[in-house]
Amino acid sequence: MSSPSDTQRMERIVSLCKRRGFIFQASEIYGGLNGVWDYGPLGVELKRNLKDYWWRVMVRERDDVVGMDGAILTHHGVLKASGHEDTFSDPMVDCRTCKARLRADQLPEKSGVKQCPNCGGKDLTEARPFNLMFSTQMGASADPESIAYLRPETAQSIFVQFKNVLDTARKKLPFGIAQIGKAFRNEINPRNYIFRSREFEQMELEYFCRPEQGMELLDYWLEERLKFYENIGIGRDKLHVLTVPDADRAFYSKGTYDIEYAFPFGMQELEGVAYRTDYDLTQHQTASGKTLDYFDEETKARFIPHVIEPSAGVDRTVLALLCEAYAEETVTDEKGKSETRIVLRFHPRIAPIKCGIFPLLKNQPELVAKARAVQALLRPFMNVFYDETGAIGRRYRRQDEAGTPFGITIDFETLGERDPGLRDTVTLRDRDSMEQERVKIGELTARLVAAIA
Ligand code: ATP
């Protein structure tokens, strides 16, 4: 098969995701909700494995980071002080011909004239700022004081709770507070599948430090984050680090890197790593009138810590994992016929299903009982999938498409019918090489747990 164009590749990934139950359009049977997505049975496992691994390396395996889980509904005062109420906007234009609402900074140009990407029209309104926050009303009264926002990022609740966490976790600088959770932005043009959506999840760390440590820690966190992507199967050669130029950085930031991935639709941001100085804590201290400083026991000085923020998108990383894993290859089946194999080559640690379990024949009670016993053995340690329907080759293919790294087949050798020496052994198939080896049932757990850790 000739290699597909980037557009075709993206279409095939989207169609596989729907067909196999990774991602569905939200509210689909009512016509769908633009820029909002639901994750199906395989997608939710993939996403959960990604978040769990982030939490493991960013929080549990470190002495200097603690976690929190903040509320989505946010006091308007928080987002006034952070600057979101006044400046969290994108420039918007309307097309007078087809009435489309468009982002002014993303319009295609023809002969130097900006055009509507929808209808090709050139009759566009002037750009005006459009605030991206979703607001809502708390309680029954409708006065301006009862306005609350769905948070546009997880970071602000970390800043607002800085003092409470500091007092209870008793950490010394430098230390971080991490959070994974939903964020909401009323994007003017949600697009590129789950890349830019209106409801999404972030994985954010706010790492507090002394002012003089800021620049060094910015580079340290960039390196840690690149290692993270490598450890989930996105190598450094697939990533590009953009040093955000002075003119494009937030005015309070002393340095920002964007970690970008080569998506089929272009090189785009996965994560931002920003040195935000003491901007956020200072803003909240001033606006709330509550001190958010740090007392240094050694020097007896009080100061507002600086902060480094690695901020990653869960959904964008899920999309990068899918794009990175997707492969089509020509293989020859048992009868010598060549066919196309679609396979998701996920790193075992993030694969939604770790192991398929297959009794060779479903009408042989002893094979089925043995396969069910292997399922019960592995289940407490990993997500496994039992499948007894169809030819074994087809069952393998189904798991290849789901990205399952291992397959276990229980056959007559397992029952010791031919060679008593092979009793209680199974075949273990590797998704990528498609090679099989015989492994003792008693050794399966340790072997697979090590492979998915
Ligand atoms: P972009 O320029 O692409 O809109 P951003 O620079 O505004 O992104 P940040 O505010 O730095 O993004 O948010 C941190 C991370 O959150 C991003 O790197 C991205 O992974 C994720 N993210 C932001 N907006 C969205 C969105 N609309 N849909 C999905 N993920 C998002």
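Give me a count of the residues in the range 25-79 that are among the aliphatic types (A, V, I, L, M) and closer than 30 Å to ALA453 by Cβ.
Adding up the residues that qualify gives 10.
If we scan the range 155-170, do we find a residue that is within 16 Å of the ligand (Cβ to nearest atom) and in contact with a Ser or Thr (Cβ under 6 Å, 6 or more places away or on another chain)?
yes
Quickly run through the range 249-268 and pick out the residues that are within 10 Å of the ligand (Cβ to nearest atom) and out of contact with any Leu (no Cβ under 8 Å at 6 or more places or on another chain).
ALA250, THR256, GLN268
Filter the range 62-109 for residues that are of a type in the set (A, V, I, L, M, F, W, C), in contact with a Gly (Cβ under 8 Å, 6 or more places away or on another chain) and under 21 Å from SER157 (Cα atoms) and give the result.
If the condition is that a residue be of a type in the set (A, V, I, L, M, F, W, C), in contact with a Gly (Cβ under 8 Å, 6 or more places away or on another chain) and under 21 Å from SER157 (Cα atoms), then VAL65, VAL66, ILE72 are the ones that fit.
Within the range 269-278, is there a residue that is more than 24 Å from GLN161 (Cα to Cα), touching a helix residue (DSSP H, G or I) at 6+ places or on another chain (Cβ under 8 Å) and within 13 Å of the ligand (Cβ to nearest atom)?
Within the range 269-278 (the criterion being more than 24 Å from GLN161 (Cα to Cα), touching a helix residue (DSSP H, G or I) at 6+ places or on another chain (Cβ under 8 Å) and within 13 Å of the ligand (Cβ to nearest atom)), the answer is yes, since at least one residue qualifies.
Does LYS122 satisfy the condition of being touching a strand residue (DSSP E or B) at 6+ places or on another chain (Cβ under 7 Å) and part of a loop (DSSP other than H, G, I, E, B)?
Answer is yes for this residue.
Given the conditions (1) assigned to a helix (DSSP H, G or I); (2) of a type in the set (D, E, K, R); (3) more than 25 Å from TRP54 (Cβ to Cβ), report the number of the one that GLU328 does not fulfil.
For GLU328, the exception is condition (1).
What residue, of ALA81, ALA71, ALA127, is at negative phi, in the same structural domain as PHE24 (by TED's automatic domain parsing) and touching a helix residue (DSSP H, G or I) at 6+ places or on another chain (Cβ under 7 Å)?
Going through ALA81, ALA71, ALA127 in turn, just one is at negative phi, in the same structural domain as PHE24 (by TED's automatic domain parsing) and touching a helix residue (DSSP H, G or I) at 6+ places or on another chain (Cβ under 7 Å): ALA71.
Go through the range 366-453 and tell me which strands (runs of 3 or more DSSP E), entirely inside it, have 2 or more residues that are loosely packed, with under 13 Cβ neighbours inside 10 Å.
Ranges flagged: 436-440.
Given the residues GLU85, GLU45, GLU11, GLU28, which is the only one that is within 18 Å of the chain's Cα centre (by Cα) and of a type in the set (Asp, Glu)?
So the residue among GLU85, GLU45, GLU11, GLU28 that is within 18 Å of the chain's Cα centre (by Cα) and of a type in the set (Asp, Glu) is GLU45.
When the range 11-25 is examined, which residues are found to be among the basic types (Lys, Arg) and surrounded by 13 or more Cβ atoms within 10 Å (Cβ to Cβ)?
Passing the criteria: ARG12, LYS18, ARG20.
What pairs come out if I take residues in the range 407-434 that are touching a residue at least 60 places away in the same chain (Cβ under 8 Å) and pair them with residues that are hydrophobic (A, V, I, L, M, F, W, C) and surrounded by fewer than 19 Cβ atoms within 10 Å (Cβ to Cβ) whose C-beta lies under 9 Å away, six or more apart or interchain?
Hits for this filter: MET434/VAL331.
For the range 175-234, what are the residues that are among the polar types (S, T, N, Q), modelled with pLDDT of 95 or more, within 16 Å of the ligand (Cβ to nearest atom) and over 18 Å from the mean Cα position of the chain (by Cα)?
Of everything in the range 175-234, just one residue is among the polar types (S, T, N, Q), modelled with pLDDT of 95 or more, within 16 Å of the ligand (Cβ to nearest atom) and over 18 Å from the mean Cα position of the chain (by Cα), namely ASN186.
The rows are residues; the columns are (1) closer than 18 Å to GLY233 by Cα; (2) modelled with pLDDT under 95; (3) crowded, with 23+ Cβ neighbours inside 10 Å.
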{"position": "PRO264", "(1), (2), (3)": "yes, no, no"}
{"position": "VAL273", "(1), (2), (3)": "no, no, yes"}
{"position": "THR277", "(1), (2), (3)": "no, no, no"}
{"position": "TYR294", "(1), (2), (3)": "no, no, no"}
{"position": "THR299", "(1), (2), (3)": "no, yes, no"}
{"position": "SER311", "(1), (2), (3)": "no, no, no"}
{"position": "GLU324", "(1), (2), (3)": "yes, no, no"}
{"position": "VAL331", "(1), (2), (3)": "no, yes, no"}
{"position": "ILE357", "(1), (2), (3)": "no, no, yes"}
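Check off (1) part of a strand (DSSP E or B); (2) surrounded by fewer than 18 Cβ atoms within 10 Å (Cβ to Cβ) for THR74 and give me the number that stays unchecked.
So the condition that THR74 fails would be (2).
Of these, ASN383, ASN363, which one is outside the structural domain of ARG196 (by TED's automatic domain parsing) and within 20 Å of LEU46 (Cβ to Cβ)?
ASN383
In the range 1-50, which residues are hydrophobic (A, V, I, L, M, F, W, C) and either outside the structural domain of TYR193 (by TED's automatic domain parsing) or under 16 Å from ALA320 (Cβ atoms) (or both)?
MET1, MET10, ILE13, VAL14, LEU16, CYS17, PHE22, ILE23, TRP37, LEU46, LEU50
The values are calculated or read from the model by the stated rules, or taken from the named source; none is laboratory data. A quick note: this is a predicted structure, and the numbers were derived from the prediction, not measured. Using ideal geometry, Cβ is built from the backbone for each residue, glycine included, and neighbour counts are taken over all protein chains shown.
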